[in-house]
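Quick notes on the structure that follows.
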Amino acid sequence: MKDYSTRLDTLAQSGTSKFTNPSAELVVSGNGTDIVGNPALTKRAKRKVISQRMNLALIDIAKSKGRNERIKGYWNTYHCLKTVFTSNGKMYSSYCKNRFCTVCCAIRKAEIINKYHPVLNTWNEAYFVTLTVKSCNAKNLYKWITGMFRAFELIHWRCKKRYQRSTGIKLMGVKSLECNFNPINKTYNPHFHIIVPNEAIANLLKAEWLKQWKSDKTLFTSAKAQHSRKVEDLEHDLIEIIKYGSKIFTEPDLKKKGNSSIPPTIYVKALDNILTAMKGKRIFDRFGFNLPKESASKTTFTWLSNYEKWSFSEKHTDWINKATGEGLTGYKKPSELAFLLNNCINSDLQ
């Protein structure tokens, strides 16, 4: 398995705060990120480019809706990792930790993989399950997502009681919520991606899901909309369920996914609707098992007396040292990405 060891605790603060050291000019917390021979830094620069452009568009949407709280959150993400400090081969900065930040989501994804992969790797017959409900419009999205969480909670409770009475199997696995936007029908498709230890649990989940949503009057979902398959590549499937909660780039015509001549589109108003509907929801979670206990890690602080300051430049798509004009990662935005960010952001459809 790849090494995904990067943490979200490398926060930096200027000044000395309550920590005093006469010889230091900067106090940083966390272990920092290696900058020597670390190819992940160029990927981080790319994500920073995408995040800034996306959040400027989201800010405009939030302003048009009068959502001041969302505006504040989007600005917070826009400034995430804007200034970094380097010293002794390490990079330190502050992170917003918002789920709509492409930088923080990538780091959080790495943390989850490191934490869960060893446990899931013991599930030799693991299955990947998708549970979904009928597509809905933006107005009803929050209600449907809330209903999905409630439905899963009831299913888990029923199966737990049966297992305790020795009349059923134990329900366990990891799940995440994702939501896609269909620009043709202007509808949203919230769904759970789940990894479970075996086929029996996968079949049980699908059966209970259909039972939970069964109605003689209204079609909430159907059997053909639920899917399961055996996990062939655990790392790939674990990454699949640890997404940002929504697909940022959406094909303009869902029936022509194979047509590479049609560029994907960012439906930013729809993305704002998805993020709003998911607010306060636990996007990724486990059920039916606990992780091995870890020793509590203490936050470490370091005083830096010899460091360099770098600021992210949208023009140069890199962190620039103002004293030397040098770029930190050497990342250059490719023309394809520039075209997408400049020409393929749709602020109307939702």
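Give the calculated FRET efficiency between Leu291 and Phe339 to the nearest 0.05, with a Förster radius of 35 Å applied to their Cβ-Cβ distance.
Computed FRET efficiency for Leu291 and Phe339 comes out at 0.25.
Within the chain, what's the longest run with no GluC sites (Glu not before Pro) in a DSSP loop and at most 16 other beta-carbon atoms within 10 Å? Give the range, please.
Between the exposed loop sites, the longest stretch runs 126-231.
Quick one: compute a quarter of the convex hull surface over the Cα atoms of the stretch 109-287 and quote it in nm².
Quarter of the Cα hull surface area: 11.6 nm².
Tell me, what is the percent relative contact order of the stretch 109-287, built from C-alpha pairs under 8 Å that lie six or more residues apart?
Over the stretch 109-287, the number comes to 33 percent.
If you take the square roots of the eigenvalues of the alpha-carbon gyration tensor of the stretch 60-151 and sort them as a ≥ b ≥ c, do you get rounded (a/c under 1.5), prolate (a/b over b/c) or oblate?
It comes out oblate by the Cα gyration axes.
Once you place label points 7 Å from the Cα toward the Cβ at Leu56 and Val119, how far apart are they in nm?
4.2 nm
Under a plain spin-label model, where a point goes 7 Å from the Cα along Cα-to-Cβ, how far apart in nm are Ala323 and Trp75?
About 3.1 nm separates the two model spin labels.
If a cysteine in the chain has no other Cys Cβ under 4.7 Å from its own Cβ, put it on the list, ordered by number.
Cys105, Cys136, Cys159, Cys179, Cys344
Quick one: check the C-alpha center-to-center distance for the stretch 57-104 versus the stretch 146-209, whole angstrom.
Each part reduced to its Cα centre gives a spacing of 32 Å.
Would you kindly state how much longer the chain becomes between Asn306 and Lys281 on full extension, computed as 0.36 nm times their sequence separation minus their alpha carbon distance, in nm to one decimal?
4.8 nm
Diagonalise the Cα gyration tensor of the chain and give the resulting equivalent ellipsoid semi-axes, square root of 5 times each eigenvalue, largest first, whole Å.
38, 27, 18
Taking the Cβ of each residue in Tyr92, Tyr267, Tyr116 as the centre, tally the other Cβ atoms inside 10 Å and list the residues starting with the fewest.
Taking fewest neighbouring Cβ atoms as first place, the list is Tyr116, Tyr92, Tyr267.
In sequence order, what are the phi-derived ³J(HN,Hα) couplings for the stretch 37-46 according to the Karplus relation 6.51 cos²θ - 1.76 cosθ + 1.60 with θ = phi - 60°, rounded to whole Hz, with x for glycine and proline?
So the J values, rounded to whole Hz, are x, 10, x, 5, 5, 5, 5, 5, 5, 4.
If each residue of separation counts as 0.36 nm, what is the full-extension length gain between Arg158 and Asn185 once their alpha-carbon separation is subtracted?
Once the chain is fully extended between Arg158 and Asn185, it gains 6.2 nm.
No lab work stands behind these numbers, since they all come straight from the coordinates. Not measured: the values here are computed from a predicted model. FYI the Cβ positions are ideal-geometry reconstructions off the backbone, even for glycines, and counts take in every protein chain you see.
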